[in-house]
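The next block holds one structure in the form of structure tokens; read it before the comments.
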Amino acid sequence: MGAGGLLPQGLRDRLPGEAATQARTVRALLDSIEGRGYNRVSPPLAEYEDGLAARLKSSRTDLARFVDPLSQRTLAIRPDITPQIARIVSTQLAEVPRPLRLAYAGPVLKLGATQLNPQREAMQVGAELIGDDSVAAACEITGIAVAALKAAGVEGITVDLTMPDLVQTLAGLLLSPGEIADLDALLDMKDAGGLAEAGYASWLPLIAATGPVAPALDALRKFDHAGLMTSRIAGIEAIAAELAGSGVRVTLDPTERHGFEYHSWFGFSLFLSSGTNAVGRGGCYTIAHGDGHDEAATGFSVYPDGFG
């Protein structure tokens, strides 16, 4: 193929058939989300780099940057639409009564790629419930995510629940930030031997509290000697109960943090039986406003290219 037919690494054409399938899938997802009372917004593909970077609570290394010939300022292509939703609700929609329900869809571009996920460009579809991070909001968002996947013809769904700030909450008064980072890393790897060797044997039950949600919650209750997690466990149990009649598999991994860098008490990943990578994530988080206050929110995003 001549140089004129080459594309940058991680980018590709969607040819007839595949392009039509993607369009139908996105439309089915949006129709399902909008049918639950979520109003669509459409942020621009690029923004000023400094503003977008400031709202990214995860890695900023995914920003593809270029200089705007008009303003001579650096622009960045969005790697995630969620921070743009945060900008919109904290500025143009700041005075709109809450809760505020928004839907979106559009392409995103990550600067780098991994062996597990070599594609740098993706379509992102999602919903955000602004002004609420309660158990009811979490139940609503997980239910909408599952219903949207089913409306798009997706089968074999697993919802993996997590508690992203669990270790920080429990160990914040006992361990230094460095020790918490070490503990998180060992729990991420499910390294039982490493935990014992490093003096964190008391945290080993969290590894056992992983798997199908019912036995995992039982293990988590046994770990919660002081009752510090009672309300969170009850919240996870309520979310699992809400999903019980939806025909999906529900699991729990209470210390999973990958992809949940800015989430608070609750998060979830969406997996399909046809693949090993998550096709979507969601949970509770906060949005920073210009006057200094934080606003609760709950939402999810899915990536239709991963549906297979």
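Per-residue SASA remark: ASP50, around 90 Å² accessible (1.4 Å probe; ligands, DNA and RNA not included).
To the nearest 10, the accessible area of HIS293 is 80 Å² with a 1.4 Å probe. The phi-based Karplus calculation (6.51 cos²θ - 1.76 cosθ + 1.60; θ = phi - 60°) puts the 3J(HN,Hα) values of segment 98-105 at 9, x, 10, 10, 10, 10, 7, 7 Hz, whole numbers, x for Gly and Pro.
Solvent-accessible surface (1.4 Å probe) assigned to GLU295 amounts to roughly 20 Å². The accessible surface of segment 178-247, taken with every protein chain in place and a 1.4 Å probe, is 59 percent carbon and sulfur.
The modelled label-to-label distance between THR61 and ALA94, using points 7 Å beyond Cα along the C-beta direction, is 3.4 nm. The reciprocal of the average 1/r between distinct C-alpha atoms defines the Kirkwood hydrodynamic radius, which for the chain equals 20.7 Å. Heavy atoms of the protein chains alone define the surface here; on that basis segment 39-97 has 54 Å² accessible area per residue at 1.4 Å probe size.
For LEU75, nonlocal amide neighbours, meaning residues 5 or more places apart or on other chains whose placed amide H falls under 5 Å from its own, are GLU49, PHE66, VAL67, ASP68.
Taking K and R as +1 and D and E as -1, what net charge do the other residues with C-beta under 14 Å from the C-beta of ALA234 add up to? Within the 14 Å Cβ shell, the charges total -2. Summing charges over all other residues whose Cβ lies under 13 Å from the Cβ of GLY194, with Lys and Arg as +1 and Asp and Glu as -1, gives -4. Summing Lys and Arg as +1 and Asp and Glu as -1 over all other residues whose Cβ lies under 15 Å from the Cβ of LEU30 gives a net charge of +3.
The length gained on full extension between HIS293 and LEU173, counted as 0.36 nm times the residue separation minus their Cα-Cα distance, comes to 40.8 nm.
What helices does the chain hold that run 18 Å or longer along their axis, going by alpha-carbon atoms, with a Kyte-Doolittle average of 1.0 or more, using DSSP H for the helix calls? Helices meeting the criterion: 135-151.
The values are calculated or read from the model by the stated rules, or taken from the named source; none is laboratory data. All values reported here derive from a predicted model rather than from experimental measurement. Cβ: placed from backbone, ideal geometry, glycine included. Neighbour counts: every protein chain shown. Ligands, DNA and RNA are excluded from the accessible area calculation, which covers all protein heavy atoms including side chains. Shrake-Rupley method; radii C 1.70, N 1.55, O 1.52, S 1.80 Å.
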